[in-house]
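The values are calculated or read from the model by the stated rules, or taken from the named source; none is laboratory data. Note that this is a predicted model, so its numbers are computed, not measured. Positions of Cβ are generated from backbone atoms using ideal geometry, with glycine treated the same way; all protein chains shown enter the neighbour counts. Just the protein is used for accessible areas: all its heavy atoms, side chains included, with ligands, DNA and RNA removed. Shrake-Rupley method; radii C 1.70, N 1.55, O 1.52, S 1.80 Å.
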Amino acid sequence: MLLRAPLREAILSSVRQYGITLLTAPLGCGKSSTLRQISDSLQPREIGFDPALLTIIDEFDSGDGTEQAELALQIERRVATGHRFLIASERRLDHLFPASRVRGLVAEFSLEHFALTEAEIGPFLGSDLCQSIAPRTRRALLVRTEGWIPAWNILRGLLSRGASAEDLAHSFSGCDRDLAAYFDQFVMRKLSPEVAEFLRDIAPLEHISASAARAATGNSDCATLIKAAARECAFFINLDRNGKVQRLHKLFKDYLVGLAKTVDPGRYATSALKAADRACAEEDWLAAARLYSEAGASGRSVEILHLYTDDLIMSRGEVQNFRRLVGSLPQIRGEKSALLAEQALGSIIAGDFADAATLVAEANAGTPRPDEDGAAKLQAIGLCIAFGLERFQNVRTAAPRWLKERAYIDPRYRTMVAAAQFWSSLAERDSTSATTALALARDAVSQSRSPFLDGWLAIMDAVYRFEHGQVGNAARLLEESTETGMIRDTVNLIRASIALEQGRLAHARRFIHSSLRLGSRHSVIDTSLYGWETAARLAVKDEGLASALSLLEEAEAIVTSRHSPRATRLVRLRRAKLILQGSGDAWHGDLRTELESLSNDAVANGSCASFIEEAHLTLARYYALSGDPRRAISLVRPIQSAAQRTHRIARWGASTLIYAGALARLDELNRAIRQAWTGIAQLVEAGYSTSIADEHVLLMPVIDNLIRRVADDPKVDGALHMVIDQLAEHSGRTRLSKPASDASDNPVELPSLTETERRVLALAARGHSNADIAEQAYIELTTVKWHLKNVFAKLSVSSRTAAVVEARRLGIDV
């Protein structure tokens, strides 16, 4: 039996707060198992009240409607006297318990709450079976199934019998014969005839509302039918608080589409065509294109995608959905050719530059010559491909000329070209050109009105600031960004890196946990590596070096499949750096051979300047720690000088500390101390913190001197004092006392938030509405408002924004 501790704890928390807790999910989702786990472990100290006051009811829907209604009334009367109920049902019970709902005494766990999480897939499959499946494939299966346990039971059987996990990740659907048998037997047979017919008619719809259903079916009573269908079938998932807009579980939708096409294909096509016309009128272009294709009008699908690709990809950020849809269209030669340029654009944004290059070559060879506007856009796509294939010098030469001569082109394309110039300039250590490109991108984004591109602009601006000594400004910039769609996860990778550098470890962990793999899907190597390196550094702190190296093995496999050889080598350099920052040399192994090979190959092959710098710095670190400090200095001094000229504070600081470590090992302690003190002081002033403390091995010979210098100077800045204190702690020295300037005879007592208050405020800080917070925290909307009111009072503020700012100022983790 799978022990689902987080779900169990969430349900127990609900039981403590609410009179009635409902578990409404289809057969096979694990409701009964969860109830048994809860029942077997009930203790007064655990739930906070006498277990005799809790009644657990499984299979509540086994009786008829009259019996259910009568039992619901009896339950409400007992709730009023202090009793609590935990009730499981295969169907939604929205029509019951009205008095308790009005009083805010009902909480509900539905289909989506019983879905397996990524962390639970391993225990569910078993270690042998799980280890045979690549992590990316497991995640793809999780997306395809939405974590539904009956589907994973079927998958476990198929995998045990030798089925290919990769094939299942591409082909498994609700039309699988075992799943179809489940839906036939346990769902459709229990539906009233009118509901079953209605479900087949609305099968084409992605989002179900009364108006969308009317457009697809022509039925004027869709609102009533939707309520009846949702009551009879637990595969409806609410997309808003009141169920005005819902969707069907992916696998059940697959099944219904297959069933509708079998029962009456003409009727299905008619419904799809009507729904497509409505989606088109509402400018929901992806839905319209998909529905026209479902209705057999694939030519109309191609026409829509040809007209609105720029809007879908660059304004709305619908990259993955666009690519999936195009891939599902009928493979008719003429239609495929018509969308080659659009497919190339999607491939670029998704990071598949090799595929984009193939598509552009085919578009140039096999289609009529485009007009001037079309030719300019193809040139823009070509420049982005050149960046993706790491032809940085070509981009730096051609992009400025294109931007100067194509001022009339759609600003979204100008943003793409400016971004290619920006990242290429950073790769070649050209800060001036990067600044120019950033300004051009900012101007283009202001004209494009695209939250998606605005998110990318925030990433570029923040990365530039982060590397150039403006850590606090970079953090604030990302906090204020209007990122949207999948770009949000990419933004979170940069947020995580900055938060770690500032010592906000809880924030960094949260961003990495939510966004590491999703954010790594994007097109720029740098953003992906920010995430993986941050995750590895956190793993060192939380679980040790072995765990971090295992994480970087996964990163290497992913970037090797998605990016260039440079990306793979960059992961290896970060791996070496973590090993060298460790407290012993047991992990050093054959690092010298690998690092010298990477460094020499980089120079011989004309690699970009930033990679050569990183390879030389990592090799210099090795030499400094392994008995060849003079060679370390010869590598690091040119990098230090170049970084200082271009104000690249992060790179300057790293080279300066390596220089100090090498000098110390040459017994030139005075010079070493001066280098270390200067480097640390300037890094602290710029906002860097954690990376200094991580250099405790490199700085070991001078740490005692640094500690004495701080102790002897009461005027030392508090932040610098704290960093030296962290170095002392990491190296096993006695920590310093707090600086006098921080002391107080009458310290102010900080406000204390409860765990629930802190969680509610954290969700508010991420932009969630009160309704969203209620759903994610498993509490009622009125309870959210009550908690926020308490938070405002404790922090002496009057708004959510002010509460977030004040909490962070006080060091409260939100």
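Here are the numbers for the structure shown:
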| read-out | value |
| --- | --- |
| Between region 396-451 and region 236-272, the Cα center-to-center distance that results, in Å | 43 Å |
| Cα-centred dipole magnitude for region 56-139, charges only on beta-carbon of K, R (+1) and D, E (-1), debye, nearest 20 | 420 debye |
| Gyration tensor (Cα) of region 437-502, equivalent ellipsoid semi-axes in angstrom | 20, 14, 8 |
| Accessible surface, 1.4 Å probe, highest first, among residues GLU283, GLU501 | GLU283, GLU501 |
| Unit charges at the beta carbon, dipole of the chain: most positive-side option, VAL559, GLN37, TYR18 | VAL559 |
| Per residue convex hull volume, Cα atoms of region 377-441, in Å³ | 63 Å³ |
| Residue among ALA272, LEU518, ALA288 farthest towards the positive dipole end of the chain, charges placed on Cβ | LEU518 |
| Solvent-accessible area, 1.4 Å probe, carbon plus sulfur percent, for the chain | 49 percent |
| Distance histogram in 10 Å bins (all Cα pairs of region 487-573, percent per bin) | 20, 54, 25, 1 |
| Volume in Å³ per residue [convex hull over Cα atoms, computed for region 164-301] | 122 Å³ |
| Magnitude of the charge dipole, region 626-667, Cβ model with Lys/Arg +1 and Asp/Glu -1, debye to 20 | 180 debye |
| Too-long pairs where the Cα-Cα distance tops 21 Å, listed order kept, from LYS190/LYS244; LYS31/LYS190; LYS377/LYS404; LYS541/LYS715 | LYS190/LYS244; LYS541/LYS715 |
| Three semi-axes of the equivalent ellipsoid, region 242-332, Cα gyration tensor, whole Å, largest first | 22, 17, 13 |
| Kirkwood hydrodynamic radius over Cα pairs of region 522-639, then Stokes diffusion coefficient at 37 °C and 0.692 mPa s, in µm²/s | 224 µm²/s |
| Folded to 0 to 90 degrees: helix 265-281 orientation relative to the chain principal axis, Cα | 50 degrees |
| Acute angle (nearest 10 degrees) that the helix 591-604 long axis makes with the longest principal axis of the chain, alpha-carbon atoms | 80 degrees |
| Where the chain is the region considered: accessible area per residue in Å², 1.4 Å probe | 44 Å² |
| Principal axes of the chain: Cα extent on each, largest first, Å | 89, 76, 55 |
| Per residue, the convex hull volume that the Cα atoms of region 24-113 enclose (Å³) | 105 Å³ |
| Dipole magnitude of the chain about its Cα centre (Cβ charges: Lys, Arg +1; Asp, Glu -1), debye to nearest 20 | 860 debye |
| ³J(HN,Hα) computed for each position of region 374-391 - Karplus, 6.51 cos²θ - 1.76 cosθ + 1.60, integer Hz, glycine/proline x | x, 5, 5, 5, 5, 5, 4, 4, x, 5, 5, 5, 4, 5, x, 8, 6, 8 |
| Taking region 598-639 and dividing mean pair separation by its residue count, relative contact order in percent (alpha carbons under 8 Å, at least six apart) | 31 percent |
| Förster radius 25 Å - calculated FRET efficiency between THR117 and LEU549 (Cβ-Cβ, nearest 0.05) | 0.50 |
| Rounded accessible area of THR801 (nearest 10 Å², 1.4 Å probe) | 100 Å² |
| Förster radius 22 Å - calculated FRET efficiency between SER626 and ASN670 (Cβ-Cβ, nearest 0.05) | 0.40 |
| Burial ranking of peptide ranges 317-323, 241-247, 393-399 (average Cβ count within 10 Å, highest at the top) | 317-323, 393-399, 241-247 |
| Probe 1.4 Å - accessible area at LYS577, Å² to nearest ten | 70 Å² |
| Rounded tilt (10° steps) of 319-328 against the dominant C-alpha axis of the chain | 50 degrees |
| Cβ-based charge dipole, the chain, positive-most Cα from SER731, VAL814, SER132 | SER731 |
| Cα centroid of region 49-95 to Cα centroid of region 652-715, whole Å | 66 Å |
| Debye intensity ratio in log₁₀ form over the Cα atoms of region 85-158, taken at each q of 0.13, 0.28 Å⁻¹ | -0.53, -1.37 |
| TYR530 - accessible surface, heavy atoms, 1.4 Å probe, Å² rounded to 10 | 30 Å² |
| Percentage of interatomic Cα-Cα distances in region 641-701 larger than 20 Å | 19 percent |
